[in-house]
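Working notes, structure below.
The values are calculated or read from the model by the stated rules, or taken from the named source; none is laboratory data. Everything quoted here is computed from the prediction, not taken from an experiment. When we count neighbours, we look across all protein chains shown, and the Cβ atoms used for this are built from the backbone with ideal geometry, even at glycine.
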Amino acid sequence: MSYVKRINRKLSARFSGRVSAREHDRVLYLEGELDRWDDVVAAGRMAVNRKKYDGLVNDIHFTGDVIPPMRLPRVQDDSLDGATPDVLVIGGGIVGCAIARECAKYDMQILLVEKEHDIAMQTTSRNDGMVHPGIDLIPGQIKRYYNMRGNRMYDQICSELDVPFLRSGQYVCFQGRAMAIAAFFGQLYYKLLGPRVQYLSKHEFFRREPNMSPAITAALYYPDAGVVSPYGLALAYAENAVDNGAQVSLDTAVLGMTIEGDRIVSVRTNRGTIYPKVVINAAGVFSDDVARMAQDRFFSIHPRKGTNTILDHKASVRMRTIVSSYGTSDTRKRHTKGGGLVKTIDQNTLVGPDAVETYRKEDFSTEAQSVAFVFDRQRATDPALHIRDSITYFSGIRAATYEEDFVIRRGKWTKNIVHAAGIQSPGITAAPAIAVDVAKMAADVLSETREVKPNPAFNPIHKSIVHVNELDDAARDALIRENPDYGEIVCRCEQISRGEVIDALHRSIPCDTLDGVRRRVRPSGGRCQGAFCGPLVLQLIAQQTGKPVEQVGKSGPGGEILFGSIKEVQA
Amino acid sequence: MTQELYFDVTVIGAGPAGLAAALAANREGAKTLLIEREARLGGILKQCIHDGFGLVRYGEKLSGPEYAERFIEQLPKSNVQVWTLSFVNVIKRENNESILTVITREGMKQIRTRALIFATGCRERTSRQIGVHGRHTAGVLTAGTAQYYTNILGKLPTKRCMILGSGDIGLIMARRLTLEGAEVVGVYEAKPTPSGLTRNVSQCLWDFDIPLHVSKTVTRVFGDARLTAVEIASVDACMCPIAGTEEIIPCDALILSVGLIPENELAESIGVPLDAKTKGAVVDEHNETLLRGVYACGNALHVNDLVDYVSESGEIAGKAAANETCCSRGLVPVECDQSLLYVVPQRICRSLDEPERIFFFRSARDLDNATLTITKGEETLYSIKFAHLRPPEMERLPVQLTREQLDGNLPLRFHLEEQTNE
């Protein structure tokens, strides 16, 4: 019996005939109607088979609720109308930004469009910032290949782009005697798989991380794990791309495409129609929608939400690096690597994440129960964890395919698209390697019509904003004497100077929002959450950009903070 | 780095506590430095343009800036050195002296000081600390931030808002925003009674027909870029939301007045022991912490409701810091049971001959006809009756204690009891 027949029988039994499968050109399609989203996802999981098919497209109509449409920018103009870039990158997350930068190594004209008001606004800014050693991945997975390669690239790329990166290592802890023995044999298995690993006795583990749960009996140490600021890296990639000639257009959403034969000829946006020679799909949770527009849809995204909590520096001194406990991350069942407790690059402890399937691709709301759930689990590692030590929490959406793997390849049917799609964890780790390959694929597509040469003027070096409080006293003093703005502290919690805020407003990627400044230099990233510095930063943005304060927003248009002068505003 | 400068007394923070402390230290002849991180002196008083300040101290109703001015205008006539836009970065301790690195627009400066006074004030509890969930939009702000926008910038942060928490700043802002033409849909308080002063509830809410909803809290906020609605729910006795009581209220801002936290991160960095109840330093009646030569005063010590007491607290610290007052016979611990929220000071000197000691305390709940007793072991040293006590209203209590009463190692215990009518 064929696979389709078998799977149809199973689907029919499970969903009382409401769902069916068909195959076409090595793609499996699911059709039908279901009113529970969990069932829609369950059907996809039942049917997926990556050996037999290039992908699974889940077209089951969800009748339980209205799936919200993609949030669109407010602006409408023709600033890009008629543009003819060699390469159009759709999506300004870390993957899109890294691709734009790697593409700039070739003599190609690059345009990156991002529908949000800043780059790295969605999944890239909403994760734990771990550079994974590649623990839970299975040989043969695309994401494993890019994880291993990406991890090895981190030292060099972060040095070129001047982004702080700490190879802090990761502990996976085990509890009970039996598990300690299992851990010992586990390390041999992991060694075969690739990542460097070391078995630590209870004694040795507590020498390194003395405040963790006394129930821990052994740990595996992965020295190749690290932490980075994911949006810091994405920004550096984007700025370096722009410095090397790429164009970045924010507030720009792709609305449709015109396909002729097997090629995309034009891409319609809210800022005009673009005529690219190659299109790169780095659209994150919307990468299946972009694939649909390109008539190249052979995979589906089922969004999966995760919530992380950031602890105050004071509570963060309990641990030094990344610690998780075996059994808390549910990798198989929930498809998350679940960082556990991560000491971020900014030296805050991050607790999380969980994994919840959702049909809302941009639902960044948080839930009290998600935070409570994650804390409950992570107390296995550190029993002293307490929600009251939180300074903030946030949610992100993973762009998961049913194959639970990345899609890194040229189009299946459409010839001038390259997909960098379905990127979830370990996307941050993998991005540098993905970008190199995707840029090469884009150059290959382009070289079918013209010769593509390396860009001789490419400069890999990027300088980040100087974080004044990381300098030693003498260097800091010298800098302040050059520019007194570095001696005026605006954000008291994180010690950010007026000079750094001004720097953030004058970079290669424009920034004119409170959140934008926060992601670049961290004011309001501390325990007061901007209660003190928010108004100061707002005034600096207005002053530096020449806008009235009423037009300064939290994260972009529509999120303005002030309504106008007192006495003049009508309720 | 410039050469190290020496001061007898250095005060960090030029709000009402720091101003009073610096002036008091100066009056005692100490070489005094006042460090302020903002551009202007006065701390939070700068934005408190409502009146009611100074009733106790001056018998007048002043606005915040007027009250601050009474101190600021004395500075040019004094020998206090004042550094504004100056930020204390690191403190180190050496032989009971403190060495401060200060960041200024002129560069990094190093200071050695015999006595150090923390007058660092407090910060507001944020929406995240009380677990507000939903979308993280523009339009969720603390009452102090709303006050800055309205009173310093002259810009309205809302047209129609909800205020969560009935702390004094929230009540003041409810009135202020109403006066400026914004609509305040209501003040919501999770506790069964308001957290602010009775006079503020009456003058800010009742006089302007602003509804107060007690035993209700915010469970969720909605919106995309800007807040569009807030979900509230009734809470049970444990302050947990009761399912089924949710109600969604459209508004463009959620303004929080849910508590103040003394800012003691700098003090903690040099190991000043804090009181878990006040979140401020443990001090004796001179406001000296358990670290020699290190003092704390004002809202950094415990959150006051009247600025007059904040100034007094600064003066006590300033005077003692200048005079190197020390307790040669050691300290007696002062403790309270669960009938009180806290007592300050948490230690008193055994040795001093001044018989009057001043205590500040708050009751743990509303009490009528309550008796406060101070005991040591089995012995009752002092007792006094209060007609009404409410947690939002801090009490200032002068107590006469003799040297003999302070002998021995037993702590003084504060206890409150409601009189039953017989």
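At a glance:
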| quantity | calculated |
| --- | --- |
| Leading residue by the ranking (farthest from the other protein chains (Cβ to nearest Cβ)) among those in region A:473-495 that are part of a loop (DSSP other than H, G, I, E, B) and at pLDDT 95 or above | A:N483 |
| For B:T101: the one exception among (1) β-branched (V, I, T); (2) closer than 27 Å to A:S497 by Cβ; (3) crowded, with 23+ Cβ neighbours inside 10 Å; (4) facing chain A (nearest Cβ under 10 Å) | (3) |
| All positions within region B:9-48 that are in contact with a Phe, Trp or Tyr (Cβ under 7 Å, 6 or more places away or on another chain), of a type in the set (A, V, I, L, M, F, W, C) and in a helix (DSSP H, G or I) | B:L19, B:A20, B:L23, B:L45 |
| Members of region B:292-310 found to be out of contact with any Phe, Trp or Tyr (no Cβ under 8 Å at 6 or more places or on another chain), assigned to a helix (DSSP H, G or I) and not aliphatic (A, V, I, L, M), listed by number | B:G298, B:N299 |
| Among the residues listed as B:K279, B:K319, the single one being among the charged types (D, E, K, R), within 16 Å of B:F361 (Cα to Cα), surrounded by fewer than 23 Cβ atoms within 10 Å (Cβ to Cβ) and modelled with pLDDT of 95 or more | B:K279 |
| Among the residues listed as A:T381, A:T366, the single one being more than 17 Å from the chain's Cα centre (by Cα) and closer than 28 Å to B:T137 by Cβ | A:T366 |
| Verdict on B:G131 being modelled with pLDDT under 95 and small (G, A, S) | yes |
| Whichever residue in region B:108-152 is among the aliphatic types (A, V, I, L, M) and within 7 Å of chain A (Cβ to nearest Cβ) and, among such residues, is nearest to B:L227 (Cα to Cα) | B:A138 |
| Of all residues making up region B:224-253, the number that are under 21 Å from A:R74 (Cβ atoms) and modelled with pLDDT under 95 | 2 |
| Scope region A:210-219; condition surrounded by fewer than 23 Cβ atoms within 10 Å (Cβ to Cβ) and out of contact with any Pro (no Cβ under 7 Å at 6 or more places or on another chain); matching residues | A:P210, A:N211, A:P214, A:A215, A:T217 |
| Those residues of region A:376-385 which are surrounded by 18 or more Cβ atoms within 10 Å (Cβ to Cβ) and either within 11 Å of chain B (Cβ to nearest Cβ) or outside any loop (DSSP other than H, G, I, E, B) (or both), in sequence order | A:R377, A:Q378 |
| Count - residues of region B:124-149 that are touching a residue at least 60 places away in the same chain (Cβ under 8 Å) and outside any loop (DSSP other than H, G, I, E, B) | 11 |
| Complete set of residues in region A:1-41 that are part of a strand (DSSP E or B), closer than 21 Å to A:T63 by Cα and of a type in the set (V, I, T) | A:V19 |
| Residue in region A:84-91 that is surrounded by fewer than 24 Cβ atoms within 10 Å (Cβ to Cβ), over 26 Å from the mean Cα position of the chain (by Cα) and over 27 Å from A:A433 (Cβ atoms) present | yes |
| Region B:269-296, residues that are among the acidic types (D, E) and farther than 21 Å from B:R112 by Cβ | B:D275, B:D284, B:E285 |
| Selected residue (criterion: farthest from the other protein chains (Cβ to nearest Cβ)) from residues of region A:391-408 that are surrounded by 22 or more Cβ atoms within 10 Å (Cβ to Cβ), under 29 Å from A:S524 (Cβ atoms) and of a type in the set (S, T, Y) | A:S395 |
| Residues that are polar (S, T, N, Q), touching a Lys or Arg at 6+ places or on another chain (Cβ under 9 Å) and away from chain A (no Cβ under 14 Å), drawn from region B:63-87 | B:S78, B:N79, B:Q81 |
| Subset of region A:479-531 (residues that are touching a strand residue (DSSP E or B) at 6+ places or on another chain (Cβ under 8 Å), on the phi < 0 side of the Ramachandran plot, among the small types (G, A, S) and without any contact (Cβ under 8 Å) to a residue 60 or more places away in the chain) | A:G487, A:S497, A:A531 |
| Index of the failed condition, B:I35 passing every other in (1) among the aliphatic types (A, V, I, L, M); (2) away from chain A (no Cβ under 14 Å); (3) closer than 16 Å to B:C297 by Cβ | (2) |
| Residues located in region A:158-193, provided they are within 26 Å of A:Y237 (Cα to Cα) and touching a residue at least 40 places away in the same chain (Cβ under 8 Å) | A:C158, A:E160, A:L161, A:D162, A:V163, A:P164, A:F165, A:L166, A:R167, A:S168, A:G169, A:Q170 |
| B:T420, sole failed condition from (1) surrounded by fewer than 18 Cβ atoms within 10 Å (Cβ to Cβ); (2) among the hydroxyl-bearing types (S, T, Y); (3) modelled with pLDDT of 90 or more | (3) |
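To keep it simple, each residue is scored yes or no on (1) in a strand (DSSP E or B); (2) within 13 Å of another protein chain (Cβ to nearest Cβ); (3) closer than 14 Å to B:H136 by Cα.
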{"site": "B:R220", "(1), (2), (3)": "yes, yes, yes"}
{"site": "B:I232", "(1), (2), (3)": "yes, no, no"}
{"site": "B:T245", "(1), (2), (3)": "no, no, no"}
{"site": "B:I248", "(1), (2), (3)": "yes, no, no"}
